[in-house]
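Colleague: Let me begin by handing over the structure; questions about it come next.
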Amino acid sequence: MNRDPLRDSRALWNRIGLDLRSDEVLAQLLDRGEMSAWRALYQLARKDADLRRRIARIVMTVPLPLPRFWLAALASLGEPVDLGASVPSYGDSAGV
């Protein structure tokens, strides 16, 4: 049986299921997903320009632990991103 790394991601611990139409679910995967979930998300983003734009918007507005990683991943898919743009600080949101 093939496992779905997105559906099985521990990032969705508080969700009934995977709904990538939800920016909140997408942000949770970007924030707390495992490498296998990120690979699956990257593969989906390769074919889905809307998903790439949503990821870019989330990266630019939501504090994430690896925003530059996601900007570089999006750039590698041809998405126009500003790699030097200011991104929300993850440490500040965690009370650090």
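What follows draws every value from the coordinates through simple rules; no lab data is involved. For clarity, every value in this text was computed on a predicted model and none was experimentally measured. Every residue, glycine as well, gets a Cβ built from its backbone with ideal geometry; the counts of neighbours run over all protein chains shown.
Colleague: Would you please give the FRET efficiency between T61 and N2, computed as 1/(1 + (r/R0)^6) with r the Cβ-Cβ distance and R0 = 30 Å, to the nearest 0.05?
Modeller: According to the calculation, E is roughly 0.35.
Colleague: Sorted by average packing, counted as other Cβ atoms within 10 angstrom per residue and highest first, what order do 16-22, 41-47 take?
Modeller: Put in order of decreasing packing, that is 41-47, 16-22.
Colleague: Going toward the positive end of the dipole of segment 10-93, with +1 on Lys and Arg Cβ and -1 on Asp and Glu Cβ, which of P67, Q43, A85 do you reach last?
Modeller: Q43
Colleague: Please give the charge dipole size of the chain, origin at the Cα centre, charges +1 on K and R Cβ atoms and -1 on D and E Cβ atoms. Round to the nearest 20 debye.
Modeller: Rounded to the nearest 20 debye, it is 240 debye.
Colleague: Restricted to Cα positions, what overall size does segment 10-93 have along the principal axes? Three whole-Å values, descending.
Modeller: 36, 34, 20
Colleague: When the chain is fully extended, how far beyond the present Cα-Cα distance does E24 get from R46, taking 0.36 nm per residue of separation?
Modeller: Gain in length upon complete extension: 5.9 nm.
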